[in-house]
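What follows is one structure encoded as structure tokens, with my remarks underneath.
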Amino acid sequence: MGNGLRVFFDDNFHYMSPEARSSAGALVRRKKRRPFCRRIIKEWLQEHLEQCADKAELEHMYKTFGPDPFVAAAAPEFTAPAFSAWSYAAGQIERLLAPGDRPHNQPG
């Protein structure tokens with residue numbers, strides 16, 4: 001497991017339910033953990049982009065239903081790197097939908 005850090009995923013819709021948490025465990029190499037979390041978010045946003053009318057709707061949908069990956073320490077002697085899935089998602093939404101842009105299925 002490398003340096004005692006693991007990647008976990010909460011489901012924003014079931015964020016209070018421990019049963020909804022999953023783990024990528026040792027499958028993600030040490031230096032790839034944050035990029036792995038970012039990729040999960042980017043893929044989810046791309047898959048749901050056309051279902052939303054604008055940035056606000058896509059961000060709301062992500063915060064309500066999207067994955068919330070994070071890196072956590074397996075023991076107190078390890079320190080997990082700071083990573084905010086919601087902040088990263090907000091930045092990606094800004095990149096995906098520049099001001100005035102609409103998803104492809106929305107009339108202009």
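When the residues of segment 58-89 are filtered to those that are surrounded by 16 or more Cβ atoms within 10 Å (Cβ to Cβ) and more than 22 Å from Pro18 (Cα to Cα), which remaining residue is farthest from the chain's Cα centre (by Cα)?
So the residue we want is Leu58.
With the requirement that a residue be touching a Lys or Arg at 6+ places or on another chain (Cβ under 6 Å) and of a type in the set (Val, Ile, Thr), what does segment 35-81 give you?
The one that is touching a Lys or Arg at 6+ places or on another chain (Cβ under 6 Å) and of a type in the set (Val, Ile, Thr): Val71.
All of the numbers you see were taken from the coordinates with simple rules; none came from a lab. Since the structure is predicted, the reported quantities are computational estimates derived from the model, not experimental observations. Here Cβ is always computed from backbone atoms with ideal geometry, including for glycine, and neighbour counts include all displayed protein chains.
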